[in-house]
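**Q** A single structure is presented below for examination.
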Amino acid sequence: MAISDELREAIGNSGKSLTLLAKESGVPQPMLTRFMNGQDLRLATVDKLCIYFGLTLNPPPPPPKRKPKSR
């Protein structure tokens, strides 16, 4: 699941209004509204929300290494 999906789920499941979440997380309420309506967030904002909800940003796994073709 993408971090944006995890954050949207956490926001929706929090049971808190976006106004209250904005006050508690330090992310402006209009930005939260735009995010919940499908817009992307800057990494700094994602980081704030991850800290607030206790989520971590994990890098994607590296692509599998290709084996050299045998001749």
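All of the numbers you see were taken from the coordinates with simple rules; none came from a lab. Computed from a prediction, not measured in an experiment: that's the story for all the values here. Here Cβ is always computed from backbone atoms with ideal geometry, including for glycine, and neighbour counts include all displayed protein chains.
**Q** By how many nm would the segment from residue 29 to residue 4 lengthen if fully extended, with 0.36 nm per residue of separation less the alpha-carbon distance?
**A** Stretched out fully, the residue 29 to residue 4 stretch lengthens by 7.3 nm.
**Q** For Cα pairs less than 8 Å apart in space and 6+ apart in sequence, what is the mean separation divided by the residue count of the chain, i.e. the relative contact order in percent?
**A** Dividing the mean separation by the residue count of the chain yields 29 percent.
**Q** On full extension of the chain, what length is gained from residue 44 through residue 56, given 0.36 nm per residue of separation minus the C-alpha to C-alpha distance?
**A** Full extension of this stretch gives 3.0 nm more.
**Q** Next question, about the same structure. Using every pair of alpha-carbon atoms in the chain, split the distances into 5 Å bins beginning at 0 and state the percent of pairs per bin, rounded to integers.
**A** The percentages, shortest bin first, are 3, 14, 26, 23, 9, 5, 4, 4, 4, 4, 2, 1, 1.
**Q** Which far-off residues, 5 or more places away or on another chain, put their amide H under 5 Å from the one on residue 16, with H placed in the peptide plane?
**A** Placed amide hydrogens put nothing under 5 Å from residue 16.
**Q** Report, in debye and to the nearest 20, how large the dipole of the chain comes out about its Cα centre when Lys and Arg carry +1 and Asp and Glu carry -1 on their Cβ.
**A** That gives a dipole near 680 debye.
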